[in-house]
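Trainee: Let me give you the structure first, and then I'll get to my questions.
All of the numbers you see were taken from the coordinates with simple rules; none came from a lab. On a predicted model such as this, the values are computed, not experimentally measured, just so you know. A quick note on method: Cβ atoms are made from the backbone with ideal geometry, for glycine too, and the neighbour counts reach across all protein chains shown.
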Amino acid sequence: MPRPDTPANSQWWRDAVCYEIYVRSFADANGDGVGDLAGIRQRLDHLVRLGVDALWLTPFYPSPMADHGYDVADPRAVDPLFGTLEDFDALVRDAHARSMRVMVDVVPNHSSSAHPWFLQALADGPGSAARERYLFRPGKGPNGDDPPNNWQSVFGGPAWSRVTDGEWYLHLFAPEQPDLNWRHPDVAADYEQTLRFWLGRGVDGFRIDVAHGLFKAPDLPDVTAGSSLDLMGPRMVPVPMWDQPEVHDVYRRWHGICADYDNDPVLVGEVWIGDPRSVARYVRPDELQLAFNFGLLFSRWDCAAYHDAIAGSLRELGAVGAPTTWVMSNHDVQRQASRFGPGEVGQQRARAAALLLLALPGPVFLYQGDELGLPEVHVPDAALQDPIWTRSGHTIRGRDGCRVPLPWGGDVPPYEFSPPEVETWLPMPTGWGPLTVGAQSDQPASMLELYRRALALRRAEPALGDGPLHWQSAEHGDVLDFVRPAPDGAGVRCLVNFAAEPIGLPRGQPLLSSAPLPTGQLPADTAVWLRV
Ligand code: NOJ
């Protein structure tokens, strides 16, 4: 199978630009309103022209879709909704032929409740061997009517559901996503088989869902007051359901499995922990190669916050020799163009953020639609699908607003995502005509052309991608200012103006800016790359 030129240990991932494809919402080839693998194949040229190095596909495995594929019933097959294994092989072949690598998602923390193991556990009853693969426990209270502990689900409500024979099982997400028991040898062995299955089909790496999960503290103790399920806060309180020490041995074994393949596959952990020092433990030299770094994603639009998030992660991950990844959005958070502020302000800042992101050292993860500046969509209540909406008793709208299908062309929904008149799985808003790939292509002022130029420059400039970053002495407290030196001395300086007023532009030839530069000035909410 043709493959990008990858000598073993090329460490291609050290500065790759990876593009997240939320498969349901990328492109619909068969006209059922849901994106599919054949749709991705048809649209690969968009990704080539954009200039990304690797694709990350969200789960496309057989699933009842209670959490849109993150509830996996068979990790080694393709759900007919998305196509067939032959479609997958063809997609990998076509992407490789275009020098793009392909990463797939694995979801080891939990399975679907429709997984044969869980069905067997239900059928075999309390005390059976089949129950040991999950976390079944008797309830508390005289009749066992209370859950075994006080853990809450990330999606809202108790993390335990009761089955008809009276036992309870743990699900840190939806009830349709029972947590696997990683202390059971079958679980580890089955996952190793899954990795080899996809590696054998040519994939170039894995994004590991909930990588800080998997193991729970042995006795499943109650969480104490003051701790939280959310490890993204400024002070991390240890909790018994996340970040247990045993998980690191799993990643050491997975590292060894990947080393058996000659395309230098990458393991990227969704390590949903805010403190970079804790994240760094996952990317020690014999574990994962990369972990998502959510520091920027959770920083408000503020110079000091961005500076600290960047400097802190470079310091902590550098200490273990791992590159720092940069993430500003994904399918779980509000679209950045809306997060940064309303309307034009949000767009302007999203443009500046794109240049900042792509000037940083290390791999970057883009989420489909970032390159179009798509805003968060207010999906009507009746159309909401995220389990968070129902689990929160209709108080939290959830993540559907960033998952609306991509607009490719035309002036009315479904904007060539699906054939005309087809109803898409989430409704697409009116007014997106100017945001489509077709409308933005070759328009020099569009978000899409900004991304295309920035990615082309990043690829061409030896100073960008992997390598050192030198902060410049701050002439202005609201300006992020750093230089990426090149081996030959011709570096690139990146400045981002967070102030409300323009600032004077230092000397240097502008290579690219996120907004027009009046003579000698860098306007508010604008970024520039200068040749130095
Ligand atoms: C993280 C995924 O990104 C999210 O979409 C999913 O709901 C949870 N993990 C549970 O698998």
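Trainee: What percent of all Cα-Cα pairs in the stretch 1-106 falls into each 10 Å bin, going from 0 up to the bin containing the maximum distance?
Mentor: Percent of pairs per bin, in order: 15, 48, 30, 7, 0.
Trainee: 7 Å from Cα along Cα→Cβ at both D411 and R253: what's the point-to-point distance in nm?
Mentor: Label at D411, label at R253, 5.9 nm between them.
Trainee: Considering only the other residues whose Cβ falls under 11 Å of the Cβ of I388, what net charge follows from Lys and Arg at +1 and Asp and Glu at -1?
Mentor: So the surrounding residues net to -1.
Trainee: Enumerate the helices in the chain for which the Kyte-Doolittle hydropathy averages -1.0 or more and the C-alpha atoms extend at least 15 Å along the helix's axis, using complete DSSP H runs.
Mentor: Answer set is 85-97, 185-200, 247-258, 303-318, 343-359, 447-460.
Trainee: I want to verify the translational diffusion coefficient of the stretch 48-164 in µm²/s; compute it with Stokes-Einstein, Rh as the Kirkwood radius over Cα pairs, at 25 °C and 0.890 mPa s. Provide the component values of the computation, followed by the final result.
Mentor: Values: Rh = 17.0 Å.
Estimated diffusion coefficient is 144 µm²/s.
Trainee: Next up: Ordered by packing density, taken as the mean number of other Cβ atoms within 10 Å over each peptide's residues, highest first, how do 311-321, 61-71, 119-129 rank? Walk me through the numbers on the way to the answer.
Mentor: Values: 311-321: 16.5, 61-71: 21.7, 119-129: 13.9.
Result, highest mean first: 61-71, 311-321, 119-129.
Trainee: Let me ask you something else. Measure out, as a whole number of angstrom, how far apart the alpha-carbon centroids of the stretch 7-51 and the stretch 266-339 sit.
Mentor: Distance between centres, Cα-based: 22 Å.
Trainee: Considering the chain, what Rg and Dmax in Å follow from its alpha-carbon atoms?
Mentor: Rg and Dmax of the chain, Cα atoms, are 23.2, 78 Å.
Trainee: Describe numerically, in nm with one decimal, the distance between label points set 7 Å from Cα along Cα→Cβ at A382 and at E344.
Mentor: Between A382 and E344, the simple spin-label model gives 3.6 nm.
Trainee: Hey, what do the phi angles of the stretch 373-384 turn into as Karplus ³J(HN,Hα) couplings, whole Hz, using 6.51/-1.76/1.60 and θ = phi - 60°, x for Gly and Pro?
Mentor: x, 4, x, 5, 9, 8, 6, x, 3, 5, 9, 5
Trainee: Right, another one. Calculate for the chain the 222 nm mean residue ellipticity that helices alone would give, adding -39,500 (n - 2.57) per DSSP H run of length 4 or more and normalising by residue count, nearest 500 deg cm²/dmol. It would help to have the intermediate numbers written out before the result.
Mentor: Values: 13 runs with 128 residues, N = 532.
Helices in the chain give a 222 nm mean residue ellipticity of -7000 deg cm²/dmol.
Trainee: Send over the per residue convex hull volume for the stretch 104-153, Cα only, as a whole number of Å³. Let's see the in-between values first.
Mentor: Details: hull volume 5.2 nm³, N = 50.
Considering the Cα atoms of the stretch 104-153, their hull volume per residue is 105 Å³.
Trainee: Something else: Please give the direction-averaged projected area of the C-alpha convex hull for the stretch 117-197, in square nanometres with one decimal.
Mentor: On the way: hull surface 23.5 nm².
Hull-based average projected area comes out at 5.9 nm².
Trainee: To the nearest 20 debye, what charge dipole does the chain have about its Cα centre, counting +1 at the Cβ of each Lys and Arg and -1 at the Cβ of each Asp and Glu?
Mentor: On the way: 44 positive and 68 negative charges, 246 e Å.
Dipole about the Cα centre, nearest 20: 1180 debye.
Trainee: At what distance in angstrom do the alpha carbon centres of the stretch 117-154 and the stretch 395-427 lie from each other?
Mentor: 39
Trainee: Turning to a different aspect of this structure: From the Cα trace of the stretch 378-532, what convex hull volume per residue do you get, rounded to a whole Å³?
Mentor: Numbers: hull volume 27.9 nm³, N = 155.
It is 180 Å³ per residue.
Trainee: Taking only the C-alpha atoms, wrap a convex hull around the stretch 406-484 and report its volume per residue in Å³ as a whole number. If you can, show how the numbers build up before the last one.
Mentor: Details: hull volume 13.2 nm³, N = 79.
In the stretch 406-484, the Cα hull volume divided by residue count equals 167 Å³.
Trainee: First select every other residue whose beta carbon is under 14 angstrom from the beta carbon of G398; then total the charges, Lys and Arg +1, Asp and Glu -1. Intermediate results must be reported in sequence, preceding the final value.
Mentor: Details: positive: R335, R391, R397, R399, R403; negative: D67, D332, E376, D381, D386, D400.
Neighbourhood net charge equals -1.
Trainee: Over all distinct alpha-carbon pairs, what is the Kirkwood Rh of the stretch 276-354 in angstrom? Write out the running numbers ahead of the final one.
Mentor: Details: mean 1/r = 0.0744 Å⁻¹.
Computed over the stretch 276-354, the radius equals 13.4 Å.
Trainee: Between R76 and S473, what length in nm is gained on full extension when 0.36 nm per residue of separation is reduced by their alpha carbon distance? Can you show the working numbers first?
Mentor: On the way: separation 397, 0.36 × 397 = 142.92 nm, distance 5.22 nm.
Result for the pair: 137.7 nm of gain on full extension.
Trainee: Over 10 Å intervals from 0, what percent of Cα-Cα pairs in the stretch 92-245 sits in each interval?
Mentor: Result, from short to long distances: 10, 35, 31, 17, 6, 1, 0 percent.
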